[in-house]
Amino acid sequence: MAGLTAAHRLYTTASDLFDLTVVEAGNRIGGRIFTSEFAGDRVEMGATWIHGIGGSPVYDIARKIHALDDSTPWERMDGYPDDGVTVAEGGVVLDPLTVSSISTLYRTLMDTARAGGLPANTGPGVGSFLRKGLQAYRASHRGGAGEAVEDAVFAMNENTERTYTSADDLEELNLAAESEYREFPGEQITIARGYSRVIEHLASALPPGTIRLGRKVQRIEWSPDGGGTAPSEPPVKVILEDGSAMAADHVVVTVSLGVLKAKGGMEFNPSLPSFKREAIGRLGFGVVNKLFMEVEEGEDEVPSMELAFEQEEGSKRHVAKIPWWMRRTASICPIYGGSRVLLSWFAGKEAAELEKLSEEEIISGVHATLDGFSAVKVDRRCNGSAGRGGGVTIARVMRSGWGSDPLFQGSYSYVAVGSSGDDLDLMAEPLPSGGARMALQILFAGEATHRTHYSTTHGAYFSGIREANRLIQRYSNSNSSNN
């Protein structure tokens, strides 16, 4: 999103100033946006939601290109399942009032964190702040559903938060930084014709041959002091994995934070300055994966549940055969009402483990989980009645693998304890910095370079616009001076 947005902006706004090349290491465009197909349904392997339609550039593009409507069903076309049945391990349907009370408490605590102004003695991590809030709630609400049930429902909300943030443990998430994160107002929706349509639209404006697939960058050579390069030669050289090289006046780097963190992910010669390396090291970058499951033909009903797992191993409701990597999954739901494709989200260690398992191991683990919650069956949209149980057979699965993919090495960024929004600003700093004679050799864009919209596609979009404008402004100023 960031790279194609920058290229689109440069070409459509100032094509007379720039000779553009987009270098893509993979065999497709889109990066962490990847619309695919499974069991006859369109699914998103990566970016899924437009997070608020009020002011979102992604929504504006999708509406402009008529990508929001389709005659065929699509993933989460019916939005979030907002009145689902919550089932405790062992198959007990939980009292909706209990679920609502604990879930409302959780949302209130997160709203408080994002509003800022917390007491000075509040710890650095979101996790401990949330748990203290739960303890305070219990102190003033005696005689509830019991701590085990409250813990299970609270953990269910925490596990959903983990997929929002990519943090394995919410204690790793910087509490102070929550107040800087911004969301757009309005509905949160998915794109009927697929998220990839937005990417394809941006790419379609570029001249043929601008985008070069399968061209992995191994190293970027630059000139920090502006010296050592003949005046007629571009100051930056991009060395590709096949040994070939490309010269450039400016390079906009839009690889993931995971690639920048990884040894051998991308080299810079000379190395990036310490302020940039330290910001890269402090920020968090986690793994979130999606698991799609096809239910065998002939099944009458599909289980659709929010999962409240027991938090105490060895308790009477704890089902030992459920594997550990399923135990922080917040729900199993059809991707839309009537679909035979189920979806679960995984984050952190569980998401990484999912990538290592065989299809047979995954299916076995899902079956064990469904059996552990098998006292109920609910309707296909997570919003209906409980009924009598019965076995459900998963025929096959498809999962994303963002953590093990060397082109991404994770899913999206978060502000970790020990980092701050300042690090996101440092990520966006171009090189050389300051008033160097040959400034703006290397520019940085991507969701991990946006202080208030990190982790989102619209944050990536805004960053691409920002860096394109930075270059356009440089040459506009130069032309004005010459005139």
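Which angle from 0 to 90°, rounded to the nearest 10, does the C-alpha axis of helix 96-115 make with the longest principal axis of the chain?
Roughly 20 degrees, rounded to the nearest 10.
Give me the tail of P(r) for the range 246-289 as a percent: Cα-Cα pairs with distance above 11 Å.
74 percent
Rounded to a whole number of µm²/s, how large is the Stokes-Einstein D of the range 152-247 at 10 °C and 1.306 mPa s, given Rh as the Kirkwood radius over C-alpha pairs?
For the chosen part, D equals 83 µm²/s.
Where does the Debye-calculated log10 I(q)/I(0) of the range 199-291 sit at q = 0.14, 0.18, 0.25 Å⁻¹, using only Cα point scatterers of equal weight, no solvent?
Per q value, in the given order, log10 I(q)/I(0) is -0.70, -1.04, -1.33.
For T452, what accessible surface area do you get with a 1.4 Å probe? Give it in Å², rounded to 10.
Roughly 40 Å² of T452 is accessible to a 1.4 Å probe.
For Y164, tell me the accessible area in Å² from a 1.4 Å probe, rounded to the nearest 10.
120 Å²
Just to make sure I understand: if all protein chains stay in place, what is the order of T86, T393 by accessible area at 1.4 Å, largest first?
Putting T86, T393 in descending order of accessible area: T393, T86.
What fraction, in whole percent, of alpha-carbon pairs in the range 1-141 exceed 22 Å separation?
66 percent
Order H141, H8, most accessible first, counting only protein heavy atoms with a 1.4 angstrom probe.
H141, H8
Of all DSSP beta bridges in the chain, what percent run antiparallel (nearest 5)?
Taking every DSSP beta bridge with both residues in the chain, the antiparallel ones total about 75 percent.
State, to one decimal in nm, how far the label point of A205 lies from the label point of S364, with both points 7 Å from Cα in the Cβ direction.
For A205 paired with S364, the spin-label model returns 5.2 nm.
Going down the table (K237/K349; K64/K237; K132/K276; K216/K349), which pairs top 30 Å between alpha carbons?
Beyond 30 Å between Cα atoms: K237/K349; K64/K237; K132/K276.
Report which label in (1) 1.07; (2) 0.97; (3) 1.00 holds the value of Rg/Rh (Cα atoms, Kirkwood Rh) derived from the coordinates of this structure.
So the calculated entry is the one marked (3).
For the chain, what does the helix formula give at 222 nm: sum of -39500 (n - 2.57) over DSSP H segments with n ≥ 4, over the residue count, nearest 500 deg cm²/dmol?
For the chain, the value works out to -10000 deg cm²/dmol.
The values are calculated or read from the model by the stated rules, or taken from the named source; none is laboratory data. This structure is a prediction, so every number in the text was calculated from the model and none was measured. A quick note on method: Cβ atoms are made from the backbone with ideal geometry, for glycine too, and the neighbour counts reach across all protein chains shown. All accessible areas refer to the heavy atoms of the entire protein, side chains included, with ligands and DNA or RNA removed. Shrake-Rupley method; radii C 1.70, N 1.55, O 1.52, S 1.80 Å.
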